[in-house]
1. For a test of the definition: using alpha carbon positions, the gyration tensor, and the 1.5 limit on a/c, classify region A:28-75 as rounded, prolate or oblate.
2. Taking the Cα centre of region A:5-45 as origin and charging only Cβ (+1 Lys, Arg; -1 Asp, Glu), how large is the dipole, in debye to the nearest 20?
3. Per residue of region E:107-115, in order, report the coupling 6.51 cos²θ - 1.76 cosθ + 1.60 (Karplus, θ = phi - 60°) as ³J(HN,Hα) in whole Hz, putting x for Gly and Pro.
4. With respect to the axis carrying D onto E, what is the closest chain D residue by Cβ position, and how many angstrom separate it from the axis?
5. Counting alpha carbon pairs within less than 8 Å and at least 6 residues apart, what relative contact order, in whole percent, applies to region F:5-45?
6. Which one, G:Leu122, G:Ala26, G:Phe8, projects farthest toward the positive side of the charge dipole computed for chain G from Cβ point charges (K/R +1, D/E -1)?
7. Using a 1.4 angstrom probe and counting only protein chains, how large is the accessible area of G:Met1 in Å², to 10?
8. Say R0 is 45 Å: what FRET efficiency, to the nearest 0.05, do E:Ile29 and F:Lys124 get from their beta-carbon distance?
There are 8 protein chains.
Amino acid sequence: MELDKTDFKILAKLQDNGKSSYSEIARVINVSEGTVRARINKMLKEEVFEFIIHMNPNKIGLHVQAIIGLETKLGLQDHIACQLKTHQSVRFIGAFSGKHDLIIQGYFRDNEELVSFVNEQLAKIEGIISVDVNVELKQYKDTFSYIDT
Amino acid sequence: MELDKTDFKILAKLQDNGKSSYSEIARVINVSEGTVRARINKMLKEEVFEFIIHMNPNKIGLHVQAIIGLETKLGLQDHIACQLKTHQSVRFIGAFSGKHDLIIQGYFRDNEELVSFVNEQLAKIEGIISVDVNVELKQYKDTFSYIDT
Amino acid sequence: MELDKTDFKILAKLQDNGKSSYSEIARVINVSEGTVRARINKMLKEEVFEFIIHMNPNKIGLHVQAIIGLETKLGLQDHIACQLKTHQSVRFIGAFSGKHDLIIQGYFRDNEELVSFVNEQLAKIEGIISVDVNVELKQYKDTFSYIDT
Amino acid sequence: MELDKTDFKILAKLQDNGKSSYSEIARVINVSEGTVRARINKMLKEEVFEFIIHMNPNKIGLHVQAIIGLETKLGLQDHIACQLKTHQSVRFIGAFSGKHDLIIQGYFRDNEELVSFVNEQLAKIEGIISVDVNVELKQYKDTFSYIDT
Amino acid sequence: MELDKTDFKILAKLQDNGKSSYSEIARVINVSEGTVRARINKMLKEEVFEFIIHMNPNKIGLHVQAIIGLETKLGLQDHIACQLKTHQSVRFIGAFSGKHDLIIQGYFRDNEELVSFVNEQLAKIEGIISVDVNVELKQYKDTFSYIDT
Amino acid sequence: MELDKTDFKILAKLQDNGKSSYSEIARVINVSEGTVRARINKMLKEEVFEFIIHMNPNKIGLHVQAIIGLETKLGLQDHIACQLKTHQSVRFIGAFSGKHDLIIQGYFRDNEELVSFVNEQLAKIEGIISVDVNVELKQYKDTFSYIDT
Amino acid sequence: MELDKTDFKILAKLQDNGKSSYSEIARVINVSEGTVRARINKMLKEEVFEFIIHMNPNKIGLHVQAIIGLETKLGLQDHIACQLKTHQSVRFIGAFSGKHDLIIQGYFRDNEELVSFVNEQLAKIEGIISVDVNVELKQYKDTFSYIDT
Amino acid sequence: MELDKTDFKILAKLQDNGKSSYSEIARVINVSEGTVRARINKMLKEEVFEFIIHMNPNKIGLHVQAIIGLETKLGLQDHIACQLKTHQSVRFIGAFSGKHDLIIQGYFRDNEELVSFVNEQLAKIEGIISVDVNVELKQYKDTFSYIDT
């Protein structure tokens, strides 16, 4: 699906405020409400975007945030990623260039939960060679606004 | 602000579907619609969560995603993070334990935009000692559901 | 247990001199000797502090001091730490962020005892992947005064 | 000063209990109380040991403990160590083999105090090239009993 | 320019033997000689390929081959690459993901020429922070056949 | 085989243009056409050089280029190199000084083909301990002219 | 054995010239020839020094010199060192602080012999985890004069 | 100078015992004493070998032995090596492949002398970027017999 200028204007508006109504968007970008509805439905169907809530981890009791690099055994990366996917604490998993690492991002109640995630949960998964835990000390930015407005 | 069970139930419902209506949530968790509205408004005000849209970077033309580690000169970390905040391509910035690095996550149109971000944009910021670019080769998970349901 | 100002004053006094008598402390911080005794007993019971002697390792024949980083097999960290605890030479064991290392601090008679600790004692413990020995060349500070006075 | 068997027996007894009285020690190791007193005074004078209290950092509000490796500019190591000595948060400083690092151990109230120590306090000291922060996730042992008993 | 099956067949034939004549290729892939000529001219013009000779470095007196990683100062990568381009010894220069390195491949008469390249030639270029020299000990493959045949 | 000045002149000419005719070369370097023919045939027979075509990987659909470092199990390096040789994607394999690595250069259609090469193809080869993938972000030079002219 | 000034003077003389005669030394340092003989015999017996020849590796056909770091499996370091001792190419073996490495120094005829030493000889020894080969590119000093004169 | 079999036999004999007399060697390898003398003089003149004494560092009071890696500023390697050459403590200096390091070997009286060498002597030399000190913990082999016998 190729997005056009109107699509991008709608996304920009929703990016500003996930609760903008169709009529509000229509008015601002000067198209009919029907067009806004049609475009949004099309984009949702094509998985261009989804409506979500973004919770502040600290406010819901997840005080320890970590980026964890995994060195994995050759050939088991896919398998390991699949098992990690089911863990509630893991919010992001990607394969990256470099030392054949998966990089994961996790949110934990406290250090104890992080230690137990590494020593108990990860230890159950076959093929993880080494684990490099980076604890977040301060957060400066965490945005979901990817479109220039 | 201390969240109670009802708050968490509301968050879990919205986490499933960011477009759930107050009445729908009220019915499912068996409280009045007024309670749902009050709780949500309180939580929004306290910045427990916000309504956003999450766009699929690939679908909006951002085909290259990278995690970039920065080694920064002592004393300039805050200053550097502040300048990075204004860049559209940068969606996440955090200070982490380890070699005094900022870790940033960025989304780019293509390799060229990534190279120019590093060689031109980062080069303008004083105090960055080294830059370690990890290009995402495959993504396995990117969720915003932090609550066990 | 929440410590109050009086507790901290007592700790500060004992931190200066571990042999301070109750009466001496009482006089200096201007409370009754009974209060000092009660507070100290309470803090000892709650394991806020303990009376110890701190020996100078060199003076008792322990001439080689080392900080040793251990990379451990996933899932065996706890088990390894428990076995290390029983070694006389090991005075500190902690799990740290980073490459899933235990960091230990050890005191040895000479290089030979250190080499034999690594090659014989550590070798007996299952699950240690690598050992990084840092030999202390010069010591600048080793204090137990954590309270600002 | 060469320590003999009696000295070591006295140290072993005090290592068990920093509050052991002279008479108690005398009885257990079967020498006169005068001998115990004389030996202890001699050893204190020769700085073989000192009477201290050991506080549990967590119980006095120091919740974040870190081992921090510093790479220092050639020729400035001594100077840097001297400046670090005056910081309340720093309880240990040593020069070690390896990449010409000072290794320091520090106790902090929380992550914020640690970040500000690194970004503000360390940043003021000339000649620190890089800082490697390892946050303690779990402590297994922290003893001051160095003598085999 | 989109290549079609005929183009690829021609490339495959030339890849086997850079000296294949038009008539030979025409006969093997069963098209007219004119078609072969036209396609080759088009592809040469579009820089799809070029006719070259590949010399065996050892046979022409270049006995030391090295892959050299360069860490470069932020913002100077392009400038450094441009200056390196003019060196006869440097046959490949690329910017790669990872620690902001240029990777170059060079051919030298002997160790002395390599040492002098690093210590004298590279030293003249501003902005090279570190140089990591990997000397080739044995070569297993060096092909230019990229097309499956 | 010792090359003389005439050989080097011929090579230099062919290096400029792989399609130079014997007569053209003869004229430029002022020897008979027979000499050119004889020298070229001798050099081809002695494998001093070969006539090849050099394809632009991007133009033939190979958009992802990587330098991949392999740490191999002791004693299996030769065996691993031999198996790698048969892979179409691998254009260069060499053993280098450093951490007992093979360094390979590979050309791939896209990230997916690269990921599958690493996770499926390399995973089938016994004895590869770790894989360090460096993705090319920008190419500055790729020449085959090794002779000073 | 405690060496005195006369011993050191004799060593300094021999360090200058390993072929100095007893009478020559006696004259220079102003003691009797008998004293020189007695001292030298005593020192030889106590293995303070030995008379050797130092060959220039290049002149006897050993053109490739390398310092090789070995990471060894815990508990096997002694065993590995013993097996390495018997190899003609290995002239130095030591255990060092750092990543539990043996460091060896070896002299080889050419790159081929070095590669075969690593891939065949070292591969036969159980317990070597990784091998880091550093090839000498230029030698600046190799002296055996340890005494200040 | 090309050495022949007789030269190597003489070297092998001297390698066994640096004090072997010409007549002894002549007898064992079955040539005339004149030949032995002539060959040895030729080899000494051509610097194939020299007669030296090898002292045991421990026996002459040099108890701390270290291998020190230096990362040097581009272009200053030669200059740095030249300044290091004049230090009594430094017995070996070489430039090696890898991270543009000089590797030096030094012998010191004790840790204090090593620390002062690094912090004071090395600090005076311009262009040393980093210093990696590896302290020898145990020595297994230090031979000067390079010839197979």
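The values are calculated or read from the model by the stated rules, or taken from the named source; none is laboratory data. The model shown is predicted, which means the values in this text are computed figures rather than measured ones. Cβ sites come from the backbone with ideal geometry, for glycine too, and all protein chains shown count toward neighbours. The accessibility values were calculated without ligands, DNA or RNA, using every heavy atom of the protein model including side chains. Shrake-Rupley method; radii C 1.70, N 1.55, O 1.52, S 1.80 Å.
1. Note, shape of region A:28-75 comes out oblate.
2. Dipole size: approximately 140 debye.
3. Residue by residue, region E:107-115 yields 10, 9, 4, 7, 4, 4, 5, 5, 4 Hz.
4. So the chain D residue sitting closest to the axis is D:Ile129, 6.
5. 37 percent
6. Working it through, the farthest residue towards the positive pole turns out to be G:Ala26.
7. My reading of the accessible area for G:Met1 is about 90 Å².
8. Here the calculated transfer efficiency is 0.85.
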